[in-house]
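The structure appears below as structure tokens.
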Amino acid sequence: MPNLTLTAQPGTSPASPWAGVRRALRPFQRFVQQVGVAALTMLGVSVLIFAAVRAMPGSYTDLVLGPLATPEAKKAAAEKFGLDGPVVEQYGHWLLNSVQGDFGTSLASGTPVGQELAVRLPVTVLLTTLALVFILLIGIPLGVLTGIRSVGSGRGAIVGRLVSSLGMSVPEFVLGTLVLFLFTRYSLGLTVGVYVPWSQDPVGSVTSMLLPGAVLSVFCVAVTARTTRDAVMGVLVEPHVAAAVARGESKGFIVRHHILRNASIPVLTLVGTLTAYLLGGTVIVERLFNLPGLGSYLVDGLDRRDYAIVQAGVLLAAAVFIVMNLLVDLVSAVIDPRIDTAAGKDGA
């Protein structure tokens, strides 16, 4: 009689009682890992920001006091603003204060940087929000429409490619200058160059920001439409879409349940990246439309080597980018749970 030995085969062993617990905790573990990676990234970014600002040619004392200033005057100015200590000590002091919400004092104006950010940040946030609304309302529907219509005649693909290329090719300063000319030369219902604070008139504030928001969004709308169209076209050739057509499901049902969901992950990633890009890309638009936002404040600080302003502005932009990436990862896992499963296998 043959000696039979029972051995557990891979994938056939009885389920461990802890397997269900581990599966239930997997999303929480993934969240903790992502938060930890975001914190480490933020720490690395802070080091790079501080080192890059200090490595810029021309110190604050050189630019403010001028080339004829005596070494004693420069030394006194450096001592006054705490720029004479070791760089590591300066970094530690700045990082500790920044974590507590104290971004230092502007070397040029002598006002707290946090106070200036609180005044200017709402302008940039409103401008970015309006641009994001244009992206969501125009870019994504345009991409879906041209992607679906590209099947068959291919005219949708040609139109989508033409519109996207045009939007991505026109620089913001050219488009903004054209808009300024048209709306100042002719009475088209909207005023330009006049900013209305939200605290005074919310409706007037949004109205005054419509044109700058539209100009800021053109490039991102074109990129989003192009990415959405490609994602939709990629999903349309998947077997499960052909099976849905064979089952006789309606076109609207197929688009909502089979195309949009599967095409949403790359589009969501792009929109998250563009949101952070918009915050940093408002400089030209704010200059053109005379808006007292964060972008113009940051450029002015850079010109004067005002370290506190530059460090705070860049650190804030980096924080927004990292947080947006974290949110995109979390929402992507909710839309497609297979992402969590794949990440768990990779981490195993």
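The values are calculated or read from the model by the stated rules, or taken from the named source; none is laboratory data. Because the structure is predicted, anything quoted here is derived from the model rather than measured. Cβ coordinates were reconstructed from backbone atoms using ideal geometry, including for glycine residues, and neighbour counts include every protein chain displayed. Accessible surface areas use protein heavy atoms only, side chains included; no ligands, DNA or RNA. Shrake-Rupley method; radii C 1.70, N 1.55, O 1.52, S 1.80 Å.
Just a yes or no: is a residue in segment 257-271 of a type outside the set (Gly, Ala, Ser), closer than 25 Å to Val125 by Cβ and open to solvent by 40 Å² or more (accessible area, probe 1.4 Å)? So far as segment 257-271 goes, yes, one or more of its residues are of a type outside the set (Gly, Ala, Ser), closer than 25 Å to Val125 by Cβ and open to solvent by 40 Å² or more (accessible area, probe 1.4 Å). State all residues of segment 268-326 that are charged (D, E, K, R) and within 18 Å of the chain's Cα centre (by Cα); if no residue qualifies, say none. Across segment 268-326, the qualifying residue is only Glu286.
Residues in segment 275-298 that are of a type in the set (Phe, Trp, Tyr) and either open to solvent by 40 Å² or more (accessible area, probe 1.4 Å) or out of contact with any Pro (no Cβ under 8 Å at 6 or more places or on another chain) (or both): Tyr277, Tyr297.
Tallying residues that are open to solvent by less than 10 Å² (accessible area, probe 1.4 Å) and under 15 Å from Leu278 (Cα atoms) within segment 191-219 yields 6.
Taking every residue in segment 118-133 that is in contact (Cβ under 8 Å) with a residue 12 or more places away in the chain and of a type in the set (Lys, Arg) and pairing it with any residue that is assigned to a helix (DSSP H, G or I) and open to solvent by 10 Å² or more (accessible area, probe 1.4 Å), at least 6 positions away or on another chain, the pairs with Cβ-Cβ distances below 6 Å are Arg120/Leu294; Arg120/Tyr297.
Checked against (1) open to solvent by less than 70 Å² (accessible area, probe 1.4 Å); (2) within 25 Å of the chain's Cα centre (by Cα), Glu249 passes all but condition (2). Among the residues of segment 220-239, just one is open to solvent by 70 Å² or more (accessible area, probe 1.4 Å) and of a type in the set (A, V, I, L, M, F, W, C), namely Val237.
For segment 191-215, the set of residues classified as outside any helix (DSSP H, G or I), under 18 Å from Arg287 (Cα atoms) and either in contact with a Leu (Cβ under 7 Å, 6 or more places away or on another chain) or of a type in the set (A, V, I, L, M, F, W, C) (or both) consists of Val192, Val194, Tyr195, Val196, listed by residue number.
Residues checked against (1) modelled with pLDDT under 85; (2) assigned to a helix (DSSP H, G or I):
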residue: His240; (1), (2): yes, yes
residue: Gly248; (1), (2): yes, no
residue: Arg256; (1), (2): yes, yes
residue: Asn262; (1), (2): yes, yes
residue: Leu278; (1), (2): yes, yes
residue: Gly301; (1), (2): yes, yes
residue: Ala312; (1), (2): no, yes
residue: Ala343; (1), (2): yes, yes
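The condition of being touching a helix residue (DSSP H, G or I) at 6+ places or on another chain (Cβ under 9 Å) and either in contact (Cβ under 8 Å) with a residue 24 or more places away in the chain or under 25 Å from Gly147 (Cβ atoms) (or both) holds for only one of Gly160, Gly189, that being Gly160. When segment 299-317 is filtered for residues that are of a type in the set (D, E, K, R), buried (at least 21 other Cβ atoms within 10 Å of the Cβ) and over 16 Å from Ala55 (Cβ atoms), nothing remains. Take the conditions (1) modelled with pLDDT of 75 or more; (2) closer than 30 Å to Val331 by Cα; Val87 misses just one of them, which is (2). As for segment 66-79, it holds at least one residue that is open to solvent by 50 Å² or more (accessible area, probe 1.4 Å), modelled with pLDDT of 70 or more and within 27 Å of Leu315 (Cα to Cα).
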